[in-house]
Every structure is written in structure tokens, then in C-alpha cells.
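See structure below.
None of the figures in this text is laboratory data; all of them are computed from the coordinates on show. None of the values given here were measured: they were computed from a predicted structure. No Cβ is skipped: glycine too gets one built from the backbone with ideal geometry, and neighbour counts run over all protein chains shown.
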Amino acid sequence: MVLDRILDFFTSLRLTVVCLGLALILVFIGTLAQVDLGLYKAQNEFFRAFFIYWSPPGSALKIPVFPGGYLVGSVLLINLIAAHIQRFTFSWKKSGILMAHAGLILLLLGQLLTDSFSSESAMHLRVGETLNYSEEDRHAELAVVDVTDSDADKVVAVPDSLLSRGRMISHAELPFSIGVERYYANSSLTNASGESFQQSPATQGGGAGLWMREDPRVTSTDYRDLPSAVVELVTPQASLGKWLVSEYLGAQTVTVGNRTYQISLRPRRHYKPFRLQLLKFNHAIYKGTDIPKDFSSVVRLERPDTGEAREVRIFMNNPLRYDGETFYQQSFDKDDGGSVLEVVHNPSWLTPYISCALVGAGLAVQFLMHLVSFAKRRVAT
Amino acid sequence: MKKWIPWILVVAFAGWIASTLLPVPVKDFDTRNFAKLPVLLNGRIQPMDSVARNSLLQIRNKQAVYLEETNAAAGGMAPKGTELTATEWLMGVLMKPEIADDQRVFRIDNPEVLGLLKLPDKEKYFSFNQLMPGYDEIGRQAARIDDEKIEAAKQTPFEKQVMKLANAMWLYQRLKVSLRPPDSDNFSHELERCRKDVAAVRGAAGAEPDMNRPEVAELAQFLSGYEAMARYAYPLVVPPADSVGSRDSWESMGASLTNSLRSDRIDPAVEHYATMVTAYRQGKPAEFNAALADYQKLLDQKYASEARKGRSEFFFNDFQAFYKAMIIYVLAFLLACSFWFNWSDWLRRSAIYLVMLAWSIHTFGLIFRMVLEGRPPVTNLYSSAIFIGWGAGVLGMILEKIYRDGIGSVIASVAGFTTLVIAHNLALGGDTMEMLRAVLDTNFWLATHVTVVTLGYASTFVAGFLAIIYVMRGMFTRTLDETTARSLGRMVYGIVCFATLFSFVGTVLGGIWADQSWGRFWGWDPKENGALLIVIWNAMILHARWGGMVRERGIMNMAIFGNIITSFSWFGVNMLGIGLHSYGFMDSGFRWLYYVFMPSQVLLIALGLLPKKYWLSFRQPAEKRTPVGPGKGGKPAAALT
Amino acid sequence: MNSFRRSQRQSPCKGLLIAFALALAAGGCRREEIQVYRIPKETAATPAAPMTASGADMGMGMGAEKPSLTWTLPSGWQQRPAEQMRLASFSAVTKDGREADVAVIALPGMEGKDGQIINMWREQVKLPPGDDAALAAKWEKVSIGSKEGKLFEVIGTEPVIDNKFPEHILVAVLSEGGVNWYFKMAGPDQTVRDERPAFLEFLKSVAFVNGGMTMAANPGRMSTNAKETPTQDEPLPDWQPPADWQPLATPPMLRAKFLVPGAGDTRAEINISASSGMGGGALANVVRWRGQLGLEPVDQAGLDQLATTVDTPGGKALIVDMSGTDKRTGQPARLVAAIVPAGSETWFYKLMGTGSVVEKEKAAFLQFVQTARYPHGS
């Protein structure tokens, strides 16, 4: 029966070997690709995808030419689980392999979960500065902040993925609709005409009269994209004009009726119910060299609603774990007056630890058993 | 008689090793004790000897100088044909550079560079004076390469040689001003004058200096010399004045002297060194040795641990454990190979005993390094090479103990020898005990992740070399009989299992470390990917074997391919120059890896794939020449252990 | 039988996998929606930030210690890297490409010194000096942001720029909290006249912001781990030497040295040194200086009569002003010196040279001494 043939296929050891072979090739070409594409882009195109596509030059056609990381990983996972369910016979002799495979399943699942649910952002603090949010520098948002009230602001954040689609954006909480006329994922702005710059169509705000240019996305990990967009704000009554929003410009003020709003295009923010203040940053190097010896930040953690207030030292290999997030010492300002903490939210962070123990123990058990039986046989002869 | 040969060999070599430990009598200048003086360089305390050796390695790829020709002027310098130890050479550079400038220490291999500098192209070693006319040109070329940011992996051989030479010349000049002001003849005397001048200018009140006095001009001259020393000195030789506080703030001679001008105090270390310099220049060994002894006494009082470190590291350098081990490994290899053609047990035992001796020296060196650095065994590429050889040696010795057919000895000796040669080449970049950057500064993860993953590399290599033995013996000799083939098959299987375990656990531990450091368990970094490739390949071998998709020969070929993958993961990814792990790459390794080693493995696999009829051992039933030893025959054989 | 058992086992397994895949898809898409939330009030609004070309590293993001200003650049003006004492630096560019230099400088402790500063500018455009009080009184009212400041104008008559154009300096001064903010435009006469309206617009757009980082977070380069090792062994104090002092190579045992050329071959030199502790005491040093001028020594009583004191951040500094004959040159010379306590050190500033030059420089010298800030605190 066809079903049987499918099942046989999915549970076969041959499939395992083929998948492992594909994984080998995939990892190898993905590693080489990083030289030109950069780590991040190569990751997304080779490993975090179901297929690797190739576009013939000059056309927008995307032809899948090789399975990507997700496809190989899923097939391996199905193969592993299916084979075990089908041939599940618990015996002490196989306990090592079972443990090892269980650990492997856990690892793969855990990594898939991490890919979907984890988020990374950063907090850049100058010494003395206090922040209660972190920023993602690979994603931007158009923030419309209602600053009329004196006690609190209301933020409506439109993610860059919606902006890049170019469609009209409306939302119950937005005082106006946002029509995206132009969105550059990476851009340059200047106030005088330059080569390949175009005059911005903005009619209002700081962007009017500026010149803008779309730039290719950055590939190196030392730089990041700086997006700009031209948006038209439309209320039911009238258009409020076209505005140029960009990370190069700060917030711009828009008034609708008797409420004041600030709009800005900024790195995506994640606000936290607590704040961190950088008290001290220490950067020690070995005398006479430029090899870094130690980076550490002393921060003050304050949480208004619970009254919690304490000082924490964050340094290499010693992050702060708080409120489901982990804060790592990532880098620092060149003048040593500021520190960058990386904030990671990863609900499945424990899976690799458990998996490592399981697989290690499983393999060790299995091979020890082999070794013991081998030794017994040699003694017998 | 023959059964004593193994012991005789061991005793002979042990004797040779012991002989190098004998104290060396002092003749003329006490260079050996000078070599033990501690200085701060590259962020760590090291003896002058290490400074000398590492500098020479960068300048001429060797740790000693053989004077083929020199304009040996009178004044205590060695005549033609002698060999200078690293420290003897360094003393010349530090204290009497006008002689050192004529010694042919700089090595140039590339003919284009020789042409650029208008140097005779039959020769390889040149003196500083010979290179000076072309100095501007070298500087220009180096600046161009620097400006264009051409990475080392992408440089042409000409560019690589230019950069190497430029660095070597720069290093040499820095050494020249590390201990003595440029053009100073009698340093002690000048120091006295300097002291008097300072006192005169400061006057009785000791406050604001009187800039109108005539001594100011002479002081200005001294100061410009000291400032050059402060700016360019290579090792920092003056210990901190205050031994109770921070012991890290060593200073260069120049910085210490410039500070002296403001504080009226000349550091005693400076005085001692100045006396030594003057005595050396004037050819007075007695005075030199006296000043040296005084300085050592001072150090022992205030900086005993630094002085001890200087002495131990000098001993380590002098002993040359890895070089000695290398020699013994080679002999062991030859003996083990001959065993396969002769089958005399004394050959086999000689081989394994020598392997054990070499391995002990190897271990001694490894542990001594750990103690000197205060770190687990593997901290950089150099130490990973040492450790892989050591680990392979362990596996080889175990295999030999079990199977007693010489294969284990061959593995241990080949691995030991090759990895030590690789390590020696890696040392050409300079200091191998450099301080670790902050993110690596964690002994826990270095001891766990790095050690385990390196053992994973070592075992995959061992499996690969076992497979090579299989192919070589099977193809080119008739010694691959069924028993040997079966043994090899079991060995490879066992080692691959071991390799899977260690490479997997090691890789995952690396991910956990990354999670603790950067919050990211897996980042698809090239080094991480390389380790993953090894895990996947080892798993493939096991699964293919279990599924019956490959048999004995197939497994051997797969194991040889494992060598290619492991060498890519160990070295190849470092040469890509990207990712978080791109620290520690080597220059000429690229050529060796991609043009020699990997093609050789491909060739061996191709041979392994040839049908059986082309194999010498399989063409006709191989002569049942089994080795004398247990495991093959019956019980009586077992008694011969 | 076998296949039945198999399929029985497979369906829950497959169902699980499908559910899992859907969950993954959902989790992945979660981020791409509009988010609405409330946050407590943030301190400063972020007005329009200055522009750069092509996202080059501005350097403004780093200077958290410098006072914070924002402004709107008139069209055509370009921002330049701010060096030394300037907070900001621009080029005012006319339509046909002519440029004038615009600088923003903040100096504390300049009360009552307007006249001296104006004389300094007059000298720069090669005008003869005028009376301090009279010059200080001649100004126009000008709006700087929401505040009012004084606008001074100095127009030269001699061609000083490229030997063709007279120089025109237009300065708006705002005194606020002990600090004088100078917005200065200088350049060829016609260019400055042409850009005057733009300059006034620029002044109106200036705003002072309290505390924190108000500029858009440093665009362009992210922090990398590269670190340049500092080269200086002994840091100099944070001081602002007048523009016409030429720094000279530091001789041994001095910390800094400047030269002020005067008319003809007249000149004065400023020697600066420091000693730990008291440096031998004021009397010993004054006696030594008197010796350099060929004067008789004095005792403590004589010193008390001779010396005056001024305030500095570290305490009271002793000032002496003496005239005599320079023993090195045989010419008449004048010497003004300051002995300044600075924490654990004492700093000695000595201005010595031809009488006329010293006279001219005395005020600037004293101000320089008083505004120097020492790195190890006092």
C-alpha cells in the first residue's frame, strides 16, 4: 500500500544517512557563503529556510535548488521519531541509543522553538544613563506616541514589515491612516543634493527639503541598516501632509485636533517594567597590549511596582537573568563611557543543557557496553 | 640479546635527555642568567629568553642564529661559524647593536622581494645593514598593503613576505631601544650626568625648574633619547616601584627615565641594567655578571614570584620538550614500520617503549605549559596541536596494548610527530602563551568544551590514519591479512564511536558556553559549523555501518574523508576570516592544507576505491605472517605479555 | 495486521507533528503586528536632530559631558567635525559655493570680559584695539532660541583673507548660568553679509536641552570591540589656551610651553610646570623668578605685599607681577606668574617676555589659569 511505502520511507535508516549527507553539504556551503553574504544573511537564506533558492540573473524567479536547514531538520526529526515509534522495543541493550536519540530530538525541537520564539535586542547605556527599554537593531518601527497627557504616553508601534509592504495602514488606536509612499530599508539622508540622491517628497516636518537615497543592505556585523520612509498621514478630514521619518531625524510633532503626537522611525523597542542604570563600566586591557582582559558593567536595577532596587555586576560569561530575560555584556563605546548589553528572551534555553546530558550519557552508556562486551570476548579467546 | 634492545634504546634516549639537564658552566658573560630575567611583554611576565626566541622566530623562523658570515669586529662578539643562542643574539641587539646590525639574521625567501631590495638572490639570510638601503621601499609597500586592507589570507606571496619583513625590521628596531638610548656609548656614565643635571636645574628648592641653566640643553638631549625608548620599547623591563600595590604596572626603561626627570629618583632596576649595558659594551664580563647578580638579588627580594616564573620558563624553553619528543617519535615510527616487514618482536617493543618515552616527554611539556600559563591544556591553535598529538598518542598506546601489532605505535608516533611539526610552524607567529582575551578568560569552559572537542578532533584523525594504514598496507604490501584487516576494522569502529561521543558533547558544550556568553546557543559561526560537520560525518559512518550500506573498505574510505573534514574544521575555518572565532590563523598553512594534505587524502580514498584485484594484499591470499603476540593464537601466546 | 499496528501508531504521531508545525508558524508571525501600549512619561522630547551626510559617525553621540544644544541647520549649511574647544562647527555655504565658518563655543567665567574678547576679534581682522568698555556696550539684541542675547559685529578693512577680502565676524553671545555661549560666524565680508539672514534664523532655532542623550542614537557605526590604546602618559589639565598662543614642543621638566609673538621681535613665553606637594613653597620660587629678572630677593613680608590672589577651582592661587631685566637677553622684561594649588600637586604658570606683549596677554593669561581643570580633581 502507498501508506506503507511512505511509512517505510520515513522510518528507513537510508533516509537518515541521506539526510545527514545533505546536512553536511548544507553546513559546508552555508559556511562558505558567509564570506560574501555575511553571517546574518547566510543564516537566513541557508539555515532558516526550507529551500535554498537561486535566481537566474535578471529575473525575479526563485528556483529552489537545494533543501534548506528547516527542511532537512524536519525530515530528520520525523525520521527519528517515526523510526522509534515503529521499532519501539525497549531493551536495556538499546537504552544508550534511546537516550541519545531522545536527547537529539529534544535538541532539534528546542532549536526550532528558539528560532520561532526567541528575541534578541540590546540596551545601549552611557554611564549614568537609565533606560527602561531595549532596542532591536535589525528591525525598525514607526512609533506614533500620544504625548498629550502629562502622566503617561500611549505608543502605537507599526513594525517595519508592515511599512515595507507599501499598503495603507489603519488601526483603531491610530489618529490617522498611514500611507507609505516610500520605504528604504537602508538609506542615507543629506541636506544638499548629492550623487544618486533624490529630493524627498516630504511636505512637512524636518524632512522637507532633505535629499534621500536608498542604499544596499549591510552584510557585515559591524554596521547596521538605517531605514527611512516617506509616509502620508491622512485623517478623515484632510491629509496632514507627507512626512519623512528616519533614524537620522529625531521625533517630529504632529497635531490632530487637540492631541499632540510624536512620530519617529526608530529601532524596535521592547519596554520593560523595570529600568537599568549604568553606574560604572570597566574595560581592562593587559598592560602593553590591546588584548582585552575584562569588560564589566555595574548596573542598578529598579522596579517601581515592586520596589525592588539593587546593584548587579554583569561581565563576560556572567549574564544577569531577570524576568525571563538574560542580559549579557555584549560590547561598549570606544571611549569606554558606555556599555551595550544584549537582551535575550529565549523560553527554550534549557533544552540544550538537558539534551547534552542525555546524549552524552546515552552515547557513553552505549559505547561502554560495546567496550565491555569486546573486552569480555578478548579475555575469552 | 635482542630482547634487551628495547630497554637499551630507552635508556640511551633517557640518558640523552638527562644530559641536557646538566648545568652549563658560565663562560664570559653569564647569558643564561640574563636570559632568566623577567620582563613584561604581551601582557604577561616572561623571561628575556622567551622574548629572544619569539623575536627570532618572527625574524628568521628559527630560535637560534648561525653566523655564516659576519664582519666580526673586535670586542667580544663571536667569530664566523658559531651559533648564537637566542639570548646571546638578543643581548647583542639590546646592548651593542652596531655589531648585531651586521649579523645575518633576517630571512627572506621570496625572490621578488630580494629583487626589490637589490639583494643577491642566492642567499637567504641578510643583516640589518644590508636591508637598510631598502627600508623606505619596504615601508612604502607595507603601508600600501595596510591601506588597502588586504587580509592575510588573500595576500600574494610577495605581499606576505613584505609584511613579514616589515614587521621583523620594526621589531628589531624596537628591541634596539628597549634597554639603551640610541647612540649612547657609556650608559652608566650618562645616567650619572643626567642625575647631576637634574639636580642642578631643580635647584635647592626642588620646585619649579630653572629653565635658564646651561644643563637644560644636555637634559633635552637625554630626554629625547629616553622618549624614543619609552615610545618604542618592546619588552617592559622595569618592575613597578611599589611591589605591594599593582604588580602589573611594569614600565619601559624610557618611561621610567622620563619620570625620573620629574621625581629625581632613578629606579634601581634601571641602574643595574645600565651597568650591564655598559659592561657588555666595554667587554667586561666580571662587571656585567656582578650587576646581573645584584639585580637578581633585588628581584628575589621584592618580586620573587616573577623571578621564579622567569627561571621556570627559561628552563622550559631550554629543555625543548617538544623537539625532543619529536625526534623520539620519528625513531619509534621507523621501528614500528620495520616491524611490519620483519615481524621481530624486539622491533615492536622498541617502538612502543620509545613511544611511551616520547609521550612522557610530550606530557611533561604539556603540563609544564599548563603550569606556566595557569590554564587548561588548550588555549589557542598552537596548544590545540600539542594536545591533539598527545590525545592521539594515548589512543595509539591503548590500541597497541590491546592488539600488539605495531599499528598503535605507528599511530601514536605519526600523530605525535606531525602535530608537533604543525605546532612548531604555528609558533612562528610569536608568543604562544599570549594572554587570553576576556571572553576566553574562563578556565571552566576551557577545560571542558575546548578539551573535549579537541579530543574529538584527535580521535577522528586517529580513525582516519588507521584507515590510511589499511589502504597503504593493503594496496602496496601483502601484510594486510584478514586478521589485521578485521582488527583495523574494529579499531576504526571503536575510535569512531569515541569520536562521535566526544565531538558531539564537545560541540554542545561550546554552544552552552556561547549561551552563557552571548545568549545564543548556536549562531552558525564557521568554527561551530566545522565542529558540527565532524559530528555529522561520524554519525554518518556509524549509521551507514549499521544499515549495512558500507562494509569494511567503505568505512575505511569514509574515515579517511573524516581527515579532510576535521582538517577543514581545525584550520580551514580560521582562514575564512569571518565569524566570532576568527582569531588565530596562519600564513602558509593555507597552501599546505588545501594543496597538499587534502589532495593527498583524496588520492588515498581514490586508491581505497579501486577494486580488490588491484590490492596487493587481496590479489592472492596474504601470507599468514601473523605477529608473535597474544590475541591471535592460543593461550601460550597470551603468556608472553 | 502489521500495517494496521503501524498506521495506528503513525496517526497520533503525525497529528502531533502537524500541530507542532502550526504552533511554530504562529509563534514566528507573532511579531509582525501593530503593538499598542502605555509607558510612563519620558523626560525630554526629541526635537529635530542635526543632519550628517551619508550617516558618517558624528561624534556628537559620544560627548555626553558636553552641554546639549539642538538647532535646525539652514539649507546649504554643512556640519563639520568639531575640534578642540568647539561644541559644534559648520560651514555656511552660499548658493555659489562661498563659505563662512560658524562655530559654537561655550566658556565659563567670562563675565565682564566682553570687551577683551571683542578686542581679540578686532585683532583677528586686523583692526586696531579699542576701549573695552566702549566696545562691550555696542551690541544689538538678538534671539537665540527662546532667549535673548547680544549680537556683536566686527568688520575689518584690510584684506586679510587670501589677501583679497576683509574679514567680517558676527558673534551672538548668550550668558546663561555662568557660561557664555558664543555663536560666531567668520569669513569674507560679502559672504558673511549674504549669510546673515540664515545665521539669524539658525540662532532662532537653537534650543537648550536638559540632561541625557537627545540626539538620535548614534547612526552609522555600532560600537565595535576595537580599542585604541591611549598614548599619553601624563594627562594635561583641561584648559583653553587663547587662540593666539602657539604651543611649542615641551622641553624636559615642563608640562607645556606656549609662545606669543608680538610686533617686531617682541615676544613672550608661557612656561607651565608642576610639582607634587608644595613644590618648594611660593617664596622660594618667587625669589628664583626675581633672580631671573635681575631683581633683589624678597622675604615673606615682601612677598605678601607683592602678591595678589585669584580664585581657581582648586583654591586660591598666588599671582605676582614683576618687571626687570631678563638675565638671558639683557632686555627689559616683565613677568607674570601664578602658583595654583591642584589637589596633591602645585602648578606653576609663568608668562615672561617683552613688557608690551605681557601687558596685552596678562588678562588672557589669568583667565587661562583660572579656567584650567585638573584631571585628578581638586
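Of note:
- Dividing the summed -39500 (n - 2.57) terms of all DSSP H runs of n ≥ 4 by the residue count of chain B sets its mean residue ellipticity at 222 nm at -20500 deg cm²/dmol.
- Projected area, mean over directions - chain A, Cα convex hull, nm²: 31.5 nm²
- Surrounding net charge for B:LYS309, when Lys and Arg each add one and Asp and Glu each subtract one, Cβ distance under 11 Å: +1
- Rough spin-label spacing in nm, given labels placed 7 Å along Cα→Cβ, for B:GLU482 and A:LYS334: 7.4 nm
- Between the residues C:GLY149, A:ALA251, B:GLY365, the greatest Cα displacement towards the positive end of the dipole of the protein assembly as shown, with unit charges on the Cβ of Lys, Arg, Asp and Glu, is found for B:GLY365.
- With 25 Å as the limit, the listed pairs B:LYS96/B:LYS284; A:LYS287/B:LYS96; A:LYS334/C:LYS147; A:LYS280/A:LYS334; A:LYS334/B:LYS527; B:LYS124/B:LYS164 have A:LYS287/B:LYS96; A:LYS334/C:LYS147; A:LYS334/B:LYS527 beyond it between alpha carbons.
- Per-selection Rg to Rh, segment B:466-574 - Cα, Kirkwood hydrodynamic radius: 1.08
- Segment B:379-455 shape via C-alpha gyration tensor axes, a/c threshold 1.5: oblate
- Span from the segment B:213-266 Cα centroid across to the segment A:190-216 one, whole angstrom: 56 Å
- Column: log10 I(q)/I(0), Debye, Cα scatterers of segment B:31-176, q = 0.10, 0.16 Å⁻¹: -0.36, -0.88
- Full extension of the chain between A:ALA208 and A:SER12 yields a length gain of 64.1 nm, computed as 0.36 nm times the residue separation minus the alpha carbon distance.
- Per residue, the average separation of C-alpha pairs within less than 8 Å and at least 6 apart gives segment A:133-270 a relative contact order of 31 percent.
- Here is the tail figure for segment A:305-367: Cα pairs spaced more than 16 Å apart come to 65 percent of all pairs.
- Here segment A:1-122 is treated as an ellipsoid with the same Cα gyration tensor; its semi-axes, largest first and in whole Å, are 31, 19, 12.
- Here segment A:217-305 is treated as an ellipsoid with the same Cα gyration tensor; its semi-axes, largest first and in whole Å, are 41, 22, 10.
- Count Lys and Arg as plus one, Asp and Glu as minus one, and take only other residues whose Cβ is under 12 Å from that of B:SER409; the net charge is then +2.
- Estimated 222 nm signal from helices in chain A, with DSSP H stretches of n ≥ 4 weighted -39500 (n - 2.57), rounded to 500: -10000 deg cm²/dmol
- Charge context of A:VAL156, other residues only, Cβ under 14 angstrom, K/R +1, D/E -1: +1
- The calculated FRET efficiency for the pair C:ALA363 and B:VAL371, based on their C-beta separation and a Förster distance of 56 Å, comes to about 0.25.
- Rounded to the nearest 20, the size of the Cβ-charge dipole of chain A about its Cα centre is 1800 debye, with Lys and Arg at +1 and Asp and Glu at -1.
- Under the membrane-span-like helix rule (DSSP H runs whose alpha carbons stretch at least 27 Å along the helix axis, mean Kyte-Doolittle hydropathy -0.5 or higher), chain B yields B:157-176, B:321-342, B:345-373, B:381-403, B:407-426, B:451-476, B:482-518, B:526-546.
- Pair A:TYR70, B:GLN282: separation of 7 Å Cα→Cβ label points (nm): 8.2 nm
- Hull shadow area, averaged, segment B:187-309 [alpha-carbon convex hull, nm²]: 8.7 nm²
- Panel values: segment B:319-435, Kirkwood radius from alpha carbon pairs, Stokes-Einstein at 4 °C and 1.567 mPa s, translational diffusion coefficient 91 µm²/s.
- Distance between the modelled labels on B:ALA290 and C:ARG193, one decimal in nanometres: 8.5 nm (7 Å Cα→Cβ projection).
- The Stokes-Einstein estimate for segment A:133-270, based on a Kirkwood radius over Cα pairs and taken at 20 °C with 1.002 mPa s viscosity, is a diffusion coefficient of 139 µm²/s.
- Average beta-carbon neighbours from other chains, 10 Å sphere, peptide B:531-539: 4
- Alpha-carbon gyration tensor eigenvalues x 5, square-rooted, for chain B, Å: 54, 27, 24
- Beyond 41 Å, the tail of the calculated P(r) for the protein assembly as shown holds 64 percent of the Cα pairs.
- Calculated FRET value between A:ARG321 and C:ASP96, using beta carbons and R₀ = 60 Å, to 0.05: 0.45
- FRET efficiency estimate (nearest 0.05) - Cβ-Cβ, B:ASN61 to A:ARG313, R0 60 angstrom: 0.85
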